[in-house]
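Colleague: Pasting a structure here, questions to come.
Please treat every number below as a calculation from the coordinates, not as lab data. None of the values given here were measured: they were computed from a predicted structure. Using ideal geometry, Cβ is built from the backbone for each residue, glycine included, and neighbour counts are taken over all protein chains shown.
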Amino acid sequence: MIAHDVIIRPLVSEKSVSSIKTKKYGFVVHPDADKLQIKNAVEEIFGVKVAKVATINYQGKVKRQGKHEGRQSAWKKAYIQLTKESKPIEFFESLQ
């Protein structure tokens, strides 16, 4: 997988925006990506140094519309902690 296949989109939620001050950022990532691939992808795309990666897997919820039942897609979330000497990611600076 190339770096742009690993990182799907930035995660913009109340929790992720409030943790920007401590250089902690959230991303929705490919479900098959491991922590090392996520770390390398963030370092390559944004030009920063990653100190820690935490991942969370979410199962898709069951949804109903009348008698028909379906399931939402499963997805994976990653929180990236940058090193203290690393520069912040510019995209997230406009969200503060």
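Colleague: Sum up the charges of everything whose Cβ sits under 15 Å from the Cβ of Val62, counting Lys and Arg as +1 and Asp and Glu as -1, but leave Val62 out.
Modeller: Once all neighbours under 15 Å are counted, the net charge is +4.
Colleague: Take the cross-link list Lys23/Lys61; Lys21/Lys63; Lys15/Lys84; Lys15/Lys61; Lys61/Lys87 and give me the ones stretching past 27 Å between alpha-carbons.
Modeller: Lys23/Lys61; Lys21/Lys63; Lys61/Lys87
Colleague: Using only the alpha-carbon atoms, how far is helix 35-46 inclined from the longest principal axis of the chain? Give it as 0 to 90 degrees, nearest 10.
Modeller: That helix lies at roughly 60 degrees to the long axis.
Colleague: For every helix of n ≥ 4 consecutive DSSP H residues, a contribution of -39,500 (n - 2.57) applies; sum these over the chain, divide by its total residues, and give [θ] at 222 nm rounded to the nearest 500 deg cm²/dmol.
Modeller: -6000 deg cm²/dmol
Colleague: How big is the dipole moment of region 3-84 about its Cα centre under a simple scheme where the beta carbon of each Lys and Arg is +1, that of each Asp and Glu is -1, and everything else is neutral? Debye, nearest 20, please.
Modeller: Its charge dipole is roughly 420 debye.
Colleague: Which of the peptides 5-12, 76-83, 57-64 is most tightly packed, and how do the rest follow, going by the mean number of other Cβ atoms within 10 Å of each residue?
Modeller: Taking the mean over residues of other Cβ atoms within 10 Å, the ranking is 76-83, 5-12, 57-64.
Colleague: With a cut-off of at most 13 other beta carbons within 10 Å, and DSSP calling the residue loop, which GluC sites (Glu not before Pro) in region 7-96 qualify? Please list them.
Modeller: Glu85
Colleague: When only C-alpha pairs under 8 Å and at least 6 residues apart count, what is the relative contact order of the chain, in percent?
Modeller: 32 percent
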